[in-house]
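Contents: one structure, followed by commentary.
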Amino acid sequence: MQESLKMSFDPSTIEHLGVKMYSKLPNALAELIANSYDADSHNVKIKLYDKKEKKIIVEDDGIGMSFQEINDYFLRIGRNRRAEGQETSPSGQRKATGKKGLGKLAFFGIGNTIKIETIRKSSGKKTTFILDWNELISTKKKEYEPHYKISQCDVKLKGTRITLSNLQHKTKFDKEAIAISISKLFNLFDNSFKTFITRNDDTPIKIDDKLKYENLDSQFEWSYSELIGKFNISYHHKKNIIGRIISTIKPLKPDLRGITLFANGRLVNLPEFFGISESSHGFSYLTGWLEVDFVDDWKEDVISTHRQSLNWDLPITIELKDYLRKFMSHVERVWRNRRNEERKKELGKKTNINILSWFNNLPKDIRTKMEPIIDSITERSELPEDERTNTVQKLHELVPEYPYYHWRHLHKSIREVSEEEYKKSDYFNAAKEAAIKYIKNVQRRSEIKESEFKGDFDLMMKVFGKDNRKLLITKNQTITEKDMEEGQKYTSAGIVAGFRNPTSHENKKDLHPNIFSDKDCLDILSIISYLFGKLDIAKKRHG
């Protein structure tokens, strides 16, 4: 004689854990999807109907249940399958997502009448039974015996079909919104487990892990492994975490901000920043997920019954939260630096200034002062674009690349032979080439023959000066003018004696920076530039 089906329960427990906990449709449907996953399903179909008859059908191609399994497992409230050694799905390929044995009560958060049809793989038998909320809640016994029937079917058939009617949900279904909400509750959809949703048998939407972030206008994405490369905070489960962090171009809506935690593919903690102060502007741009499967393996149950949050008051979870808080601070810094770099590139395109190159070619002391100014301009998105562009261009004019070189306002002839060498930090060669250029120009302007002087020093002594020389830079009449003529002579000769001649015999690699530095080079270039300026106005002496 066939035994009856029995559900053991306390009516108040059913009402509290079923109707109240799963009053939101996506959360209730998520429990049915999880059941299908744990039954080794490959395909789940959610069918919403709201025309003539309002109902929901959830069907899968999982292993199904025998009559005995329905009684022993499905109808037992609060069964801990892991404690009974059923930590994996029947195939052993999936870690079971269910743990507390309460998910089945999600039925009553959706509708009052639940029809369940299930076929155990290879059994050739279909068991159909109905759970009625009104009958269940009004029973005076501790057990509820649902109506059922067993029928023969094709031995090739398997799976479970659940029909929910007399629904609590009265408005029309928003298929797209439900699909997105469900996607946010899982991180296990792949080619081996597909879920589709339809409304009145229309074109199905595939629910997958990407759907939860599909409508985001993302700017940057990082894998967790990328981000911890330069994150030195230690945590014993640090390498057991995987995930993805996404930043958006514009601030997110409040309900989309934060990092969601999943364990074995199911949500265990709603998006948050784990106690970190969210006053930083950056946190309004960040979202993503982390898989922390290890929390599901802890001896102490840290996952709340409704799977919305972890119990953060335990020593083991306090340690996790502290790590995640520090990790998110690190992420915010990475995001800020990356966004500033990107904005500088965009600003560079509009201004025709390579801002990164510009900054790299500023002396450290100037760069330190300039960076906060440029960062402030790039950060302040409320500034009109043309104002930002104009401001950066003006700053670049004021402080160009290699500013100390440009601020010397060197003679054109000096810049022609020294600028590239200076940029390559070959200060020795930059000054040397400028000196050579000056010497050649002096000889050319004076038209003195090589037979008339002995070496570059002698050239300067014979070309310049107050007495019977080749070139005059003044009228050579007053004492001051005569002193200036002498100054041009001795300064030019000094460049040859004190710099040009020594550098002709010294290998530049032997000149220590303390002997010939960047500043030394600029000082010499400035002196030669001065001499070049006077040479430009010099006139040949007559008589």
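Take the range 354-413 and flag every residue that is within 24 Å of Ala434 (Cβ to Cβ) and in a helix (DSSP H, G or I).
Ile366, Pro403, Tyr404, Tyr405, His406, Lys412, Ser413
Which residue, of Gly159, Gly111, is surrounded by 17 or more Cβ atoms within 10 Å (Cβ to Cβ) and at positive phi?
Gly159
Under the condition of being free of Cβ contacts under 8 Å to residues at least 40 places away in the same chain and buried (at least 22 other Cβ atoms within 10 Å of the Cβ), which residue from the range 437-463 is nearest to the chain's Cα centre (by Cα)?
Going through the qualifying residues, I end up with Met460.
Please determine, by comparing only the residues of the range 295-319 that are in contact with a strand residue (DSSP E or B) (Cβ under 8 Å, 6 or more places away or on another chain), of a type outside the set (Asp, Glu) and in a helix (DSSP H, G or I), which one is surrounded by the fewest Cβ atoms within 10 Å (Cβ to Cβ).
Checked the range 295-319; the qualifying residue surrounded by the fewest Cβ atoms within 10 Å (Cβ to Cβ) is Thr317.
Looking at the range 414-452, which of the residues that are charged (D, E, K, R) and outside any helix (DSSP H, G or I) is nearest to Gln488 (Cα to Cα)?
Within the range 414-452, the match that is nearest to Gln488 (Cα to Cα) is Glu447.
Modelled with pLDDT under 95, crowded, with 16+ Cβ neighbours inside 10 Å, within 22 Å of the chain's Cα centre (by Cα) and not hydroxyl-bearing (Ser, Thr, Tyr): does that describe Arg388?
no
Could you figure out which of (1) within 22 Å of Leu270 (Cα to Cα); (2) not in a helix (DSSP H, G or I) isn't true of His330?
(2)
State all residues of the range 401-436 that are among the aromatic types (Phe, Trp, Tyr) and more than 43 Å from the chain's Cα centre (by Cα); if no residue qualifies, say none.
Phe428 - this is the single residue of the range 401-436 that is among the aromatic types (Phe, Trp, Tyr) and more than 43 Å from the chain's Cα centre (by Cα).
Can you name the condition, by its number, that Lys321 falls short on among (1) closer than 28 Å to Ala96 by Cα; (2) among the charged types (D, E, K, R); (3) touching an Asp or Glu at 6+ places or on another chain (Cβ under 9 Å)?
Condition not satisfied by Lys321: (3).
Which of the residues spanning the range 320-339 are of a type outside the set (D, E, K, R) and surrounded by 15 or more Cβ atoms within 10 Å (Cβ to Cβ)?
Within the range 320-339, Leu320, Tyr323, Leu324, Phe327, Met328, Ser329, His330, Val331, Val334, Trp335 qualify.
Considering only residues of the range 36-62 that are out of contact with any strand residue (DSSP E or B) (no Cβ under 8 Å at 6 or more places or on another chain) and closer than 17 Å to Pro90 by Cα, which is modelled with the lowest pLDDT?
So, considering only residues that are out of contact with any strand residue (DSSP E or B) (no Cβ under 8 Å at 6 or more places or on another chain) and closer than 17 Å to Pro90 by Cα, the one modelled with the lowest pLDDT is Asp38.
Of the residues that make up the range 239-260, is at least one under 30 Å from Gly159 (Cα atoms) and of a type outside the set (Gly, Ala, Ser)?
So far as the range 239-260 goes, no, none of its residues is under 30 Å from Gly159 (Cα atoms) and of a type outside the set (Gly, Ala, Ser).
The values are calculated or read from the model by the stated rules, or taken from the named source; none is laboratory data. All of these numbers come straight from a predicted model, not from anything done at the bench. Cβ sites come from the backbone with ideal geometry, for glycine too, and all protein chains shown count toward neighbours.
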